[in-house]
1. How high is the relative contact order of the chain, in percent, with contacts defined as C-alpha pairs under 8 Å that are six or more residues apart?
2. What stretch of the chain, leaving out the sites themselves, is the longest with no GluC sites (Glu not before Pro) in a DSSP loop having at most 11 other Cβ atoms within 10 Å?
3. Highest first, please rank the peptides 189-200, 78-89, 121-132 by the mean number of other Cβ atoms sitting within 10 Å of their residues.
4. In Å and from the alpha-carbon atoms only, list the Rg and Dmax of region 137-221.
5. Over region 1-80, what is the relative contact order in percent, taking alpha-carbon pairs closer than 8 angstrom and at least six residues apart?
6. What ranking of M3, M33 comes out by heavy-atom accessible area, probe 1.4 Å, highest first?
7. Students often forget the sequence filter, so: which aspartates and glutamates lie under 18 Å Cα-Cα from K34 once same-chain residues fewer than 8 apart are removed?
8. Once the Cα gyration tensor of the chain is found, what semi-axes does its equivalent ellipsoid get, as square roots of 5 times the eigenvalues, in whole Å, sorted largest first?
Amino acid sequence: YLMKDGQPWLPVMGEMHYSRVPEAEWEEQILKMKSAGVEIVAAYIIWIHHEEVEGEWDWSGNKDLRKFVQLCAKHGMVVVPRIGPWSHAEVRNGGFPDWLLKKTAHQRQNDPEYLKYVDEYFKQIGAQLKGLMWSEGGPVVAVQLENEYRGRPPLGGAPHILKLKEMARDAGIRVPFYTVTGWDGAAIPKGAVLPVYGGYPDAPWGASIKELPPSELYACR
């Protein structure tokens, strides 16, 4: 368990994709989450939503990350930005801008050309979250690096996760916890990040119209 103010803390975390929700509805949705017992708000930062055109950054309106995080703090909620850079999130290219795929041959690994663009992306996030880290009295307690990452090409795997953590910290994203996907086959540099394991009780993406068998994800020993 986590410790908070010297006491065991087992918080409930819920997800809200701020850039997919009209800004005017943010507060109502945050309050609904809080009323349901959610204490931590997780939120994908979807790269393509903020830099659809190379070099043209948009952090306004429903893309205003800073305002969203401050609004969570207003209602006593702490925040876990999921900074990627690859999100999945059922969005095109897993959240990568179209132009990035055209300009880089090797994404999601320690390729210098790819990391050059990731570095600017992380710096943009760092600027948006400046002063909002937990150590600064803000609500940001953790970030998730990458997502659903099993990549092990010559320049990928655990060394790539370590590189992303280093780049995030250099961009000012300094938090108590850095997390990654923790399921089987995930690339996890031990001692550097927390593997977080989650699963679905159903499979809405599947084609079966029959009752699904019990999932081993929820088997307890």
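1. Details: 332 pairs, mean separation 34.4, N = 221.
The normalised contact order for the chain reaches 16 percent.
2. On the way: sites that count: E90, E211.
So the longest stretch without any such site is 91-210.
3. Numbers: 189-200: 12.5, 78-89: 22.6, 121-132: 19.1.
Top to bottom by mean Cβ count within 10 Å: 78-89, 121-132, 189-200.
4. 16.3, 50
5. Working: 88 pairs, mean separation 27.9, N = 80.
Relative contact order of region 1-80: 35 percent.
6. Numbers: M3 115, M33 30 Å².
Descending accessible area places them as M3, M33.
7. Cα-Cα hits under 18 Å: E15, E23, E25.
8. Numbers: eigenvalues 126, 113, 77 Å².
Three semi-axes, in Å: 25, 24, 20.
The values are calculated or read from the model by the stated rules, or taken from the named source; none is laboratory data. Fair warning: this is a prediction, and the values are worked out from it, not measured in the lab. With ideal geometry, Cβ positions are generated from the backbone for all residues, glycine too; neighbour counts draw on all protein chains shown. The accessibility values were calculated without ligands, DNA or RNA, using every heavy atom of the protein model including side chains. Shrake-Rupley method; radii C 1.70, N 1.55, O 1.52, S 1.80 Å.
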